[in-house]
Structure formats: C-alpha cells, structure tokens
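The values are calculated or read from the model by the stated rules, or taken from the named source; none is laboratory data. Predicted model, so just to flag it, every value in this text is computed and none were measured. So basically every Cβ, Gly included, is an ideal-geometry build from the backbone, and we count neighbours across all protein chains shown.
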Amino acid sequence: MLFLIICAIIRTKEAVCFSLMKEGFILKRLFFLMCLFVSLHVWNITSFAETRTIDIDGESVVVETFGNAQFYDGEIEEERAMTRSVSEFSFNINDYVQTDYIENTHRKWRVQTQAYLRNYRTREADMSGNTKYIVAIRDSSGKKIFSYVGKTDNVYGGVTFSKVPKKRLCISVSKKKTGEYFLFGKGDTAFLD
C-alpha cells in the first residue's frame, strides 16, 4: 500500500510539472487528491495479521489475528457469569459474559467478534474504537488459554488457531465498566477443517 502511495506521489509530481505547460492542471490536481484520499482510507481500514506460536499442554499452536484484533498478554479477571450459545453469540454487557462450552472435535478453529458501545438510556452508539474489550479462550477449568483485544469500532476481528488440543473450550468477553455505555456486539466460531 505504501508503494502505491509513493507511486501516486511520483505520478502526480510528473503530472503537475507537465500540466503547468497545458490546460487541465486543476483537474489533474483534483484527481490526485482524490486518489490520495482513497489510498489513505484503504491504508487506515486495512489491518495486518500478527502471528504467534503458543504452547498449550506441550503442543505448539500457531495463532493468527485478523481484522481489528490484537494479541493480549495481560491478566483477565476470573469471573463467572451467565453463558451464551457458541456457534453464534451476541452480547450486551457492562463487564463480562461467557459462552457455553464447545466440544472440540476438530483441529483448526476461528473465533471472531465485532462490538461497539451503546448508551443503555439514550440508545446512542459510539463506534469510535476508543474503548477496547478482551476476548479470552478458556479451557474446561476456566483457565485462560489465549486472549485478544478488540476495538469498539463495529468491525470484525479475531484469531485463528492452527490446532486446538483441548476438548472443551469456552469464550469470555470482558471490558472495564463504563457507566451507562454497554458493550453491544456479536461473534461466531467456526472449525476450519
């Protein structure tokens, strides 16, 4: 993408020099600005995947982010709350929710979520992405296996596991309490093999 922006700048420089001698200079400049704006917009909304290898019970597992997800290594409060269905789930929470347990019969697995803030009194939505939430994958004892950070910009993001050695897994979603703004979103899981 950076290469395309540099090419556009060089092309525009050539066009500007050439158009000083011809009519249509303003039109070419306007075209350049439009191309530059589109390029910057695409650059801004494109997320680059990160890859990390983790150890789960002695097995190496490759985890890759996509969308707006970022790896999260911090501690997460161990909290139990109401559960949700797993293949597709939605949440409207002020702090924490956990899905039902998933019986894993496959190896490759994807988890993704999208969310935004909504004021429960005024129904005003905030999709600025300034608030982050944490999605954790847990084993049957509730121990965190892996987690990632999502943004409240209503854009899907998540992780893909190359293999999942655990037989029973669940997903928890949590955020810091933000007064009247609840985390409103949805997610889904899929086995990819």
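Within the range 163-174, can one find any residue that is in the same structural domain as Gln98 (by TED's automatic domain parsing), closer than 24 Å to Arg121 by Cα and either outside any loop (DSSP other than H, G, I, E, B) or not hydrophobic (A, V, I, L, M, F, W, C) (or both)? I'd like the intermediate steps shown before the answer.
Kept after step one, since they are in the same structural domain as Gln98 (by TED's automatic domain parsing), are these residues of the range 163-174: 163-174.
Going one step further and asking which of them are closer than 24 Å to Arg121 by Cα, we end up with 173-174.
Filter once more, keeping what is either outside any loop (DSSP other than H, G, I, E, B) or not hydrophobic (A, V, I, L, M, F, W, C) (or both): 173-174.
Taking every residue of the range 163-174 in turn, at least one turns out to be in the same structural domain as Gln98 (by TED's automatic domain parsing), closer than 24 Å to Arg121 by Cα and either outside any loop (DSSP other than H, G, I, E, B) or not hydrophobic (A, V, I, L, M, F, W, C) (or both).
Which number in (1) surrounded by fewer than 20 Cβ atoms within 10 Å (Cβ to Cβ); (2) β-branched (Val, Ile, Thr); (3) not in a loop (DSSP other than H, G, I, E, B) marks the one condition that Ile137 misses?
(1)
Given the conditions (1) at pLDDT 90 or above; (2) over 25 Å from Phe191 (Cα atoms), report the number of the one that Gly150 does not fulfil.
(2)
Search the range 173-193 for residues that are closer than 30 Å to His106 by Cβ and pair each with any residue that is of a type in the set (Val, Ile, Thr) and surrounded by fewer than 16 Cβ atoms within 10 Å (Cβ to Cβ) when their beta-carbon atoms are under 8 Å apart and the residues are at least 6 apart or on different chains.
Pairs that qualify, where the first residue is closer than 30 Å to His106 by Cβ and the partner is of a type in the set (Val, Ile, Thr) and surrounded by fewer than 16 Cβ atoms within 10 Å (Cβ to Cβ), are Ser174/Ile76; Phe191/Thr105.
Would you please list the contacts, defined by Cβ atoms under 7 Å and residues six or more apart or on different chains, that run from a residue in the range 129-146 that is assigned by TED's automatic domain parsing to the domain that holds Val164 to a residue that is in a loop (DSSP other than H, G, I, E, B) and surrounded by fewer than 17 Cβ atoms within 10 Å (Cβ to Cβ)?
Close Cβ pairs (under 7 Å, with a partner that is in a loop (DSSP other than H, G, I, E, B) and surrounded by fewer than 17 Cβ atoms within 10 Å (Cβ to Cβ)) amount to Ile134/Ile76; Ala136/Ile76; Ser140/Tyr101; Gly142/Glu78; Lys144/Ile76.
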